[in-house]
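The values are calculated or read from the model by the stated rules, or taken from the named source; none is laboratory data. Values in this document were obtained by computation on a predicted structure and should not be read as measured data. No Cβ is skipped: glycine too gets one built from the backbone with ideal geometry, and neighbour counts run over all protein chains shown.
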Amino acid sequence: MRVIVLMGGDSTEREISLATGENVAKALIENGHETIKIDLIADRDEQNRLNDSTNLITGFEDPELNLGKIAGGTRFLKNILLFNRLKPDVVFNALHGGKGENGIVQGLLDIIEVPYTGSGRVASMLAMEKDKSKIFFKKANLPVARSYVLASMDSSRDIIKRLPYPQVVKPNDQGSTVGLKIVQSEIEMDSAIEDAFNYSSKVMVEEYIAGRELTVAIFKNKALPVIEIKPKHDIYDYECKYSSGMSEYDVPAHIDEWLAVNLQKISWRAHLALGCEGYSRVDFRLNQTNKPFILEVNTLPGMTDTSLVPKAAREAGINFNSLVEGIIEEAIDRFRTEKKRGL
Ligand SMILES: Nc1ncnc2c1ncn2[C@@H]1O[C@H](COP(=O)(O)OP(=O)(O)O)[C@@H](O)[C@H]1O
Ligand SMILES: [Mg+2]
């Protein structure tokens, strides 16, 4: 098959996406697929370099793609439209964060009618916006920490006084713990909120859940083994996520069987509550009395060799190449079913 790996982009998680993309591309090549890497924001020369080719990506300067006046001439749109020319059987979406994960790219791929991996546009948007996800989790009776959302720097702060300290201040729609702070007292609040507003138009203030950090991956309509993350810092921050040796992982988590099963059930229901498809990863905090709280569902979780979803899959006896193959197969099946239904 011909597979495009869509990677890079302009989000704060660009570097991680490039790593995911390289790793996925390697697996696809090993699986025997013709694989083309496309960096969402690169120009033709950069795309060729990415693919170790001088002429693989042609047509970028094609007059038909010269949408300068209509679309502001963005490379982004050109790169997506290039897909019509490259005619992939499926697109592996290896983007993380921003437009690649929030439904925008999914909507464009829907318009050009090409199968793509992971969730569709609506679930992607719901999962990216933490306040919206929570509405759906609560409706499905799934456990979440108490929180309030500030719509602007000037919003009244009275409401957040209802939460005990420490509080967690986070941008409503970022990932990789970017712009997130634990606030111990009111004095630190202003700067934390101001910082979070640099990354999002809404800021969530959430009750801090002291306890453990767990995550559950969903793949092929099933929850994989629970993983416990033991970060060197208090929270699983950017450094602990991406620097080797900054976190330890228990795969599977050393927790009671009933608790593991319960977390897997909650994860599957959270995945369904948002309408996610393909694969995802559900992040949890577990408090000191073993009560779980869903933090979020990641619709495009990291797929580097050391990432959590591949770790969980390996524990379930699924190697990385089979995981990648399973993800593209599901995308193609779903596309065919939706086409049959005329969607
Ligand atoms: N309410 C909370 N209580 C304790 N720790 C939290 C809380 N919210 C976030 N964290 C910490 O910050 C990390 C990132 O938070 P998360 O909500 O998953 O956002 P992101 O999308 O940036 O990953 C979590 O993995 C956890 O370590
Ligand atoms: Mg997270």
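Some notes on this structure:
- Number of residues in region 288-310 that are farther than 18 Å from V261 by Cα, buried (at least 17 other Cβ atoms within 10 Å of the Cβ) and more than 12 Å from ligand 1 (Cβ to nearest atom): the value is 4.
- When region 156-169 is filtered for residues that are in contact with a helix residue (DSSP H, G or I) (Cβ under 9 Å, 6 or more places away or on another chain) and part of a loop (DSSP other than H, G, I, E, B), the ones remaining, listed by number, are R157, Y165.
To keep it simple, each residue is scored yes or no on (1) modelled with pLDDT of 75 or more; (2) farther than 22 Å from T20 by Cα.
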position: I70; (1), (2): no, yes
position: L77; (1), (2): yes, no
position: V90; (1), (2): yes, no
position: H96; (1), (2): yes, no
position: E101; (1), (2): yes, no
position: D110; (1), (2): yes, yes
position: P115; (1), (2): yes, no
position: A123; (1), (2): yes, no
position: L126; (1), (2): yes, yes
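- Region 174-188 - residue that is closer than 18 Å to P301 by Cα and either β-branched (V, I, T) or outside any loop (DSSP other than H, G, I, E, B) (or both) and, of those, farthest from ligand 1 (Cβ to nearest atom): V178
- Here H233, H271 are screened, and the one residue that is without any contact (Cβ under 8 Å) to a residue 40 or more places away in the chain and within 27 Å of G179 (Cβ to Cβ) is H233.
For every residue, the table says whether it meets (1) in a loop (DSSP other than H, G, I, E, B); (2) touching a Ser or Thr at 6+ places or on another chain (Cβ under 9 Å).
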| site | (1), (2) |
| --- | --- |
| E277 | yes, yes |
| F284 | no, yes |
| F293 | no, no |
| V297 | no, yes |
| L300 | yes, yes |
| K311 | no, no |
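- Pair list, Cβ under 7 Å, 6 or more apart: region 276-305 residue touching a residue at least 12 places away in the same chain (Cβ under 8 Å), other residue charged (D, E, K, R) and away from ligand 2 (no atom under 15 Å from the Cβ): E277/R334; G278/E330
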